[in-house]
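Since the structure comes first, as structure tokens, the remarks are kept for the end.
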Amino acid sequence: MNVGIRFPANLFGHSTDKRIEAVNSELQYWTNHSNVPVTKVVFGHFPMSFTASSEKGQRYESVLAGQSISAYLCGHLHAKVSKQLWRYHEIRTTEDHKSSFWEWELGDWKDSRLMRILAIDGGAVSFIDHTLKHALQTSILITYPTDSRSMNMLDSEKWSMRNDINVLIFSHQFISNVSARIFDSHCEFKIVEEIPLQLVTSTSAHRPLFHAKWNAENYRSSSATRYWLQVFVLDSHGVKISSEQRPFSVEGKMAIPTSPWTNYLLFEVQWEGMYQVLLWSNLAFTIVLLFIPKLLYHFVRRSSSYQRWAVSIPSSSIQQRKPYFWLVWFLMEGTRSKPFWFSMVTYVLWLIEMPWFWGHATSENGEIAQMYLSGWSVPIHDGGLTGNKLSNPDVLVITLPFLYLVLVPVIVLTYGLFAEKATVFLQHRRRVVYSLDSTNVHAESPRLLPVAPRASLMKFADKMVSMVIQFCGSWTRRALLLACLITAAIHLKLCSKLMSAYGTVPVALSPPLTWIPLLLLGGAAYCTVLHAD
């Protein structure tokens, strides 16, 4: 994306075919120009779940897996939901071969002061995270064996069992003793073995590496989480520190834990594709909600069989059909007002094809740009061009909340207000039936409502009227108006966020987004007020 759009429409990383090819060439270079196996770790800002495909539909995952990287480190999410956002990618590179790599989110340094220490030990990549809100304490990083839940990578062609335990220890104090304990989870975590570790002679001034030999064959297991490892450290001040207890597998087996649903949504769902599903399913539902009841009402109102069908609903032989009738009746009554129905249809068509609002998309004093359902349209001074469909799918942070929390509720509440109006009429007519003769009833009914229900609805049996009264009591309209106020508050909150992001004046002067939902709700509430004679 040549033009950067301001927050909140900067959610995705936008890859290009040229950049993907550059990454592929750089990784391939290290493979071709090294006589020994190279461990590759790639760093990028955006997680794969928030990275858009290139112009030709290419993605980084296939390149990273094809080049046999060990890990991809990313940021962007700032550890807002979890400090353990890990994902194991397994991608088929050829018909008979799968390649894999780990994706680890780094967390946030600015606000949370999170720091990650990463180590490479004979091709095994491991890490430990620290929160540096206080002075750094003694840090213990087990570089081998790695954690079978989040660091193991099994490659049957390259795997070889190692009789090593390696630990990096960072401390301000002199380390006097280090030992590793092996626990068996199948025997209530009893200690199986305790192994002392020795400092490795090194030219480094800090010399933080401790090492021990063990017999890895003793810890073969069909389970990747049977054996657990914990390292204990004693410094020169007599302070004892221990590492986190974690599972390992000398055979390289993995036991990836189930992620919480929030982690899954953020880190494992491919939001570029999910956006299209959520967007078009909402628009399809909205179109069906507008047109199917209108078509049904158009054909049914002329049919004499509608009256017989309506009267048959409360009969005891088909009691189970009542809920379906109430739903159909609610939808049909909602479409009776032609001005409101045409207004809502026109509004939805406008949102699909025309701009939603105007604003300063690139900077506070930048050119006024237009936001469409398909993205931003930004004027570009070079050559007098216009950039179209920019920041797509980033605009999902604007479009999805509006479509799901404002547009659909506005349509449903408008239907509800008109259906409630018809219900009150039925309640009034039931009283009139018992107090006046049929002639007076037909004379008074047209005066009650400006748009009275047609004869098919006026001839309901008393039992039907009684059921309607029971279904919609006196609290119904108040509940609908309360729902209208809640929807209006949500809408104004969304507009406020957009005003703070893209300028108060241009967004406030954008009727499609800012004013039309409020006008529809207010107009529906006003037009459904019943005035007694």
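The values are calculated or read from the model by the stated rules, or taken from the named source; none is laboratory data. These numbers were taken from a predicted model, which means no experiment stands behind them. Using ideal geometry, Cβ is built from the backbone for each residue, glycine included, and neighbour counts are taken over all protein chains shown.
Descriptive notes on the structure:
- Cβ-Cβ under 7 Å pairs, at least 6 apart or on other chains, region 109-123 side at positive phi, far side at pLDDT below 85: ARG113/THR131; ARG113/LEU132; ARG113/LYS133; GLY123/PRO37
- Residue satisfying condition, being over 26 Å from TRP356 (Cα atoms) and modelled with pLDDT under 60, within set ALA479, ALA532: ALA532
- Hey, ALA489 among the hydrophobic types (A, V, I, L, M, F, W, C), surrounded by fewer than 16 Cβ atoms within 10 Å (Cβ to Cβ) and either in contact with a Ser or Thr (Cβ under 9 Å, 6 or more places away or on another chain) or modelled with pLDDT under 90 (or both) or not: no
- TRP280 of a type in the set (Phe, Trp, Tyr) and either more than 30 Å from ILE352 (Cα to Cα) or in contact (Cβ under 8 Å) with a residue 12 or more places away in the chain (or both): no
- Of residues in region 375-409 being modelled with pLDDT under 90 and assigned to a helix (DSSP H, G or I), the one nearest to ILE287 (Cα to Cα): GLY384
- The single condition from (1) β-branched (Val, Ile, Thr); (2) surrounded by fewer than 16 Cβ atoms within 10 Å (Cβ to Cβ); (3) at pLDDT 70 or above that VAL311 fails is (3).
- The listed residues are SER49, SER62, and the only one of them that is in contact with an Asp or Glu (Cβ under 9 Å, 6 or more places away or on another chain), surrounded by 12 or more Cβ atoms within 10 Å (Cβ to Cβ) and among the hydroxyl-bearing types (Ser, Thr, Tyr) turns out to be SER49.
- Test result for PRO247, within 28 Å of TRP86 (Cα to Cα) and surrounded by fewer than 17 Cβ atoms within 10 Å (Cβ to Cβ): no
- Just one of the listed residues (ALA124, ALA135) is under 30 Å from ALA65 (Cα atoms) and either assigned by TED's automatic domain parsing to the domain that holds HIS78 or modelled with pLDDT under 90 (or both), namely ALA124.
- For region 124-142, filtering for residues that are touching a residue at least 24 places away in the same chain (Cβ under 8 Å) and part of a loop (DSSP other than H, G, I, E, B) leaves 3.
- Where a residue in region 490-502 is among the basic types (Lys, Arg) and its partner, wherever it lies, is modelled with pLDDT under 95 and not in a helix (DSSP H, G or I), with Cβ under 8 Å and at least six apart: LYS497/PRO8
- Scope region 214-243; condition assigned to a strand (DSSP E or B) and among the polar types (S, T, N, Q); matching residues: GLN230, SER242
- In region 167-181, residue farthest from TYR144 (Cα to Cα) [restricted to those that are among the small types (Gly, Ala, Ser) and in a strand (DSSP E or B)]: SER176
- Meeting the requirement of 3 or more residues that are over 21 Å from GLY252 (Cβ atoms) and out of contact with any helix residue (DSSP H, G or I) (no Cβ under 7 Å at 6 or more places or on another chain), the strands (runs of 3 or more DSSP E) wholly within region 11-121 are 114-121.
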